[in-house]
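Working notes for the structure below.
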Amino acid sequence: MLGEQIIKGMAVTAKNFFGSYVSKERLTTVQYPEEHLAQKENTRQFPFLVYDGDDWEKGLRCVACQICEKECPPKCIYIVKSKDKKPDYKGQPQLYPLIFDIDISVCMSCQICVEVCPFESIKMDTKFELSTDDRFGGLLLTKDKLAKSNSYYQKMHPQDAAESDAVIAGEKAKAEAKAKAVAEAKTRADAEAKAKAAAAAATAPIATPAPTTPPPAKLI
Amino acid sequence: MTALQACLLISAFLFAIGFAGAVTRRHAILVLIGIELMLNAANLNLIAFWRFGPHPEALTGFIFVLFSMAMAGAEAAVGLALIIAIYRHKKTSNLDEVKELKG
Amino acid sequence: MFDKLDQIFVTVLHWLVSFVPEGLRPVVSAMLCIAFVMAVFPGVFAITTVLERKILGRIQNRYGPNRVGIPFTKIRLCGFGQFIPDGIKSLTKEDIVPRAADKVVHFLAPVVMLMPVLLAYAVLPFGRNMTITDYDAGLLFFFAVGGAVEVSVFMAGWSSRNKYSLLGAMRAIAQMVSYEIPLILSAVTVVMVVGSLNLSEIVKHQNNYTFGIAHWHVFTPWGLVGFALFFIASLAESNRTPFDLPEAESEIIAGYFTEYSGFKFALFFLGEYLGMFAIIGLGITLFLGGWTSPVSFLTWIPSYVWFLSKLMAIVFVFIWIRGTLPRLRMDQLMNFAWKFMLPLALINILVAGIWHYMAADWPRWLVCSAIIFGAYAILGRGLMQNQNFSKRIYRYAE
Amino acid sequence: MSPFFVITGIVTLLGAAFAMSLRNLVHCALAMAVAFSGIAALYLQLDAQFVGFAEILVYVGAIAILIVFAILLTRSGEAPEKSVLTSGWMAGIAVSAMVFTMLGWAVLNSSAIPKETPPAPVATVKNVGDALMTKFVLPLEIIGLVLTAAMIGAVIIALKEESKNENPGRKS
C-alpha cells in the first residue's frame, strides 16, 4: 500500500520527539558555559612548571638545564639561567631559571618537553579556556604564570603525579642514603684519625698529625 | 460622460493598442500579446453592456465573457505551441523571416 | 459571557469605527482589519520560525535554540525570543544586487510575491463573522490570487540573470502549476457538496453536531481523501519538504532567491510562511470546520481560538513531516502529481457526486469508502510497482 | 466615475501601452500582466465579481506564465539590437489611430446610451451556475471539447519529434 512506509517513518520521529521530553538520557547535549564535560585522565593542553611547598619562587623544581628548550620542536620555550644557585628538594644547590617563557600560541602540546625533563619539573596542564584579546603578550606565559603547585598537579593528573612523586621520593631516598653514607664515612674517618692521632701522640708526640678530610663524594 | 461611455472608451483604446502592437511589432509572441489585449478589450465591452444594459439578470454578457476567456486560453496555448514549433524549425521567431510556405 | 469573548474583536472593531465620521467608515474599518492581519500572522510567523527549529531539534534528540528569551535580560523563555535577533539579523544584512540583474524587476519581485499572499487573507473566516470581506465567490478569489504568486517567482528567477535561479524558478513554477490542479479539484468536491463558493457558508455547513461530533467534511470518505490531497498539494504549493526541491540546499543553491539577500530575502521568507498559513487556513475552513469546535460540549471556547489551534496543529504536522521525509526528485514529484493525485482527485469528485445523490444512511458510506479505497489501492500499486525495494545487502571491505 | 475607477483605467491603459512598446520581451509580458490585473479590477468595479476573479486566475495566473515560458523557450529574453518594429509600422499605427477615433466618436455622441446607471445586478455564483447549466449548457459542453482538443493539439505541435526523424539530415 502506498504511504505505509511514510507512516512508519513518522512514527519513529514522533517517538523521538516525545521521547526527548520524557526520558532524559536521550538528550546528550551539554550546555557548555554552564556545565562542563568531565575531562579525560590524560588530557594535555599546555605545559606548566611544578613547584613543591607553598612558595613558588623557592620550590620550583626546574634547574634551567635547557634540555626542554633544545628538544621543543616548534621552539616555543625560552630560558635564561640564573647566576647564583638555590638548594633544590635534595638540598643540593642548583641553578634556577631567571626567565622561563612559553609561547602557547606556538606550542603544539606534543609533551616532548615533559618526556625529556630529567627533574620532573614540567608537566602538561588541562586548562583550555585561555583566549585573550592581546594576541602577543597575552599568549606568552612567563614563569610566574607557568608555576603551579604539586598539589594542583595531583588533582589534574593523579596517576602521572603519583609516578612522578615516586620518582622524586626515590631520588630523595638515594640522596639521603648517599648523604648518610658520606656522613658515616666522615665519622669513621674522624674516628680513625682520632685513633691514629692518639697513637701517634703516644708514639711520637713530636710528629704533628696532618688530618686531611677526604673530599665529599661527587654528586650527580 | 457616463460610466458606460468611460468603459467603452477604455476598451476602444485597449483595442487600438492591441491592434497597433499586433500589426507593427516584429516578434511573433508580441503579436499574440496584442491579440490577447484585443480579446480583453472585447470582454470589457461585454461586461460594460451587461452591467449598464436593460436586463442584467439574464447574465448573457456575463456568461459570454466566461466562454470568451476559455477560448482565449485555448487560443493562447495553441498559438504558443505553433510559435515554439516554428522557432524549432527556423531558429527564429521573427515574423519577417517566416515567409516561405515550404515545410 | 463566553459569547462576548467570542465576539470581542468584532465589538472592538465596531467601537473603534464608531468614532470616525460616516464617510470614512469603510476605509477605517478596512485599515483596522489589515492592521489585525498584519499583527497576528507575522507574529505567528515569528513564533513558527522558532518552533520549527525547536521541533526539528527535538526530533533529532537535541535542544532547539534555548538561549535568547527577552533581549538584554536573563530571562530565557526556553528560546522563544530567538526570532528577534533573527529578524534584526536578516533586516540589517547587506542587500546585494548583482550588477547584471534587471534592477526594476529584481526589486519588484518580493513585493509582487507578498501582495497576493496578503490579499488571500481577506477571505479567510478567522472566527464567527470575523471574515474581512465575505465575497460570494471567496474560494475562487483565493485561488485566483494564489495563482499570481507564480508571476513573482518567475520575476525573481529571471531578473537575477543567473542560470541557477532561472532553472530554480522554472522548476518552482512547474511544481506549483502541476500541484495547483489537485489543490483546486479537491476544493471543488467541497463546493459541490456545500453548493456555494462562499467560505462562511462552507463553515456554516460544517457547524452542526450529531451525537456530539461536528459535521466536519474530513469525517466523510470523500472529505478525508480531499483533505489528504489538499494537504499534500498545500505542502507542494508552499515549497515545503518533501517538495522543497526548488530551494533545497542540495539542489540548485537557493532556487529562485539565490541572488537575494538582506531585506528582500526576509520578504521572500515572510511571503513563503504567510502563504503557508493562508493555504493551511483554507484547508481548515474547507475540511476541518474552520472556527467550529470538534465536539458540541466545547463550543464555549471562542471561535478564533479554535481556528488558531487548528492552524498551529497543522503547522506542527508540516514541521514534523519536514523532520521525517526525504526530498523528492523532480521526476518523482511530477510523476506523483500527474499520475496519482490528479486521477484520485477526479475520482474523489465522482464520489462526492455519489455522496450528494445517495440517501443519507450507511450504504452511502459503504459505497463511497469502497470506491475510494479501491482507487487508492490501484493507483498506489501503479505508482509503486516499478520501485523494487529489495532487502539491502551490505558488503564490507575484507 | 469614482476616482478609483479612473486610477484603474489609467493603470490598465499604461500597462497595455508598455506591453506593446517596450523593447525587452519579458518586460512586455510583465506589463501585460499588469494590464490584465487592471482589467480584472475594472470588472470588479462593474460588479462582475466572478468574472473578475476568473480573469485573474486565467490571465494573470496562467496565460502570463504561458507567454513567459514561450519567450524563454524561443530564447528571446534579451532585447534585440535591431529595430523591433516591422518595416511598414507607420501604416499600422495610423490605422489603429483611425480605429480609435472612429470608435471614440461613435461612443461619445451616440444617443442610445442610457443616462442613468441601473442598480447593481446581483450576479451570484448560484445564478451563474444555474444559467450555465440551463440556458448555456450546450456551449458549456462545446467549450469543454474545444479546450481538450486545444490542449492535445498544443502538446502534439510543441512535442520534440525525435521519435520519427524521417530526414536525419535536417534534425530539428
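Things to note:
- Taking chain A and dividing mean pair separation by its residue count, relative contact order in percent (alpha carbons under 8 Å, at least six apart): 20
- The mean count of C-beta atoms from other chains within 10 Å of the C-beta of residues in D:103-110, rounded to a whole number, is 4.
- Overall form of the protein assembly as shown per C-alpha gyration tensor (a/c, 1.5; a/b vs b/c): prolate
- For A:Lys15, the aspartates and glutamates whose Cα comes closer than 19 Å to its Cα, not counting residues fewer than 8 places off in the same chain, are A:Glu4, A:Glu25, C:Glu52.
- Centre-to-centre, using Cα atoms only, region C:137-211 and region C:254-292 are separated by 12 Å.
- Filter on C:Lys264/D:Lys82; B:Lys90/C:Lys339; C:Lys204/C:Lys310; A:Lys145/A:Lys172; A:Lys75/A:Lys178 - keep pairs with C-alpha separation over 29 Å: C:Lys264/D:Lys82; B:Lys90/C:Lys339; A:Lys75/A:Lys178
- The simple spin-label model puts a point 7 Å past each Cα toward its Cβ; for C:Thr92 and A:Ser151 those points are separated by 4.8 nm.
- log10 of Debye I(q)/I(0), alpha-carbon scatterers only, for region D:75-114 at 0.23, 0.25 Å⁻¹: -0.80, -0.85
- Rounded Å value of the spacing that divides the Cα centres of region A:85-119 and region A:1-42: 48
- Modelled FRET efficiency - R0 22 Å, C:His215 with C:Asp361, Cβ distances, 0.05 increments: 0.90
- Over region D:1-80, equivalent-ellipsoid semi-axes from the Cα gyration tensor in Å: 26, 15, 5
- From the alpha carbon centroid of region C:322-362 to that of region C:1-46 is 38 Å.
- Pairs exceeding a 20 Å alpha-carbon distance, out of A:Lys83/A:Lys123; A:Lys58/A:Lys81; A:Lys70/A:Lys148: A:Lys83/A:Lys123; A:Lys70/A:Lys148.
- Kirkwood's formula applied to the C-alpha pairs of chain A gives a hydrodynamic radius of 22.8 angstrom.
- Dividing the helix sum by the residues of chain D, where each DSSP H run of 4 or more adds -39500 (n - 2.57), gives a mean residue ellipticity at 222 nm of -21000 deg cm²/dmol.
- Annotation: the antiparallel percentage among DSSP beta bridges lying fully within the protein assembly as shown is about 85.
- Three-way shape label, region C:39-325, alpha-carbon gyration tensor, a/c 1.5: oblate
- Take every pair of alpha-carbon atoms less than 8 Å apart whose residues are at least six positions apart; their mean separation over the length of region D:1-158 yields a relative contact order of 19 percent.
- Each Cα pair under 8 Å and six or more residues apart adds its separation to the average, and for chain C the resulting relative contact order is 19 percent.
- Three-way shape label, chain B, alpha-carbon gyration tensor, a/c 1.5: oblate
Bear in mind that the values in this text are calculations on the coordinates, not laboratory data. Source: prediction; values computed, not measured. Glycine gets a Cβ as well: all are built from the backbone with ideal geometry, and neighbour counts include every protein chain shown.
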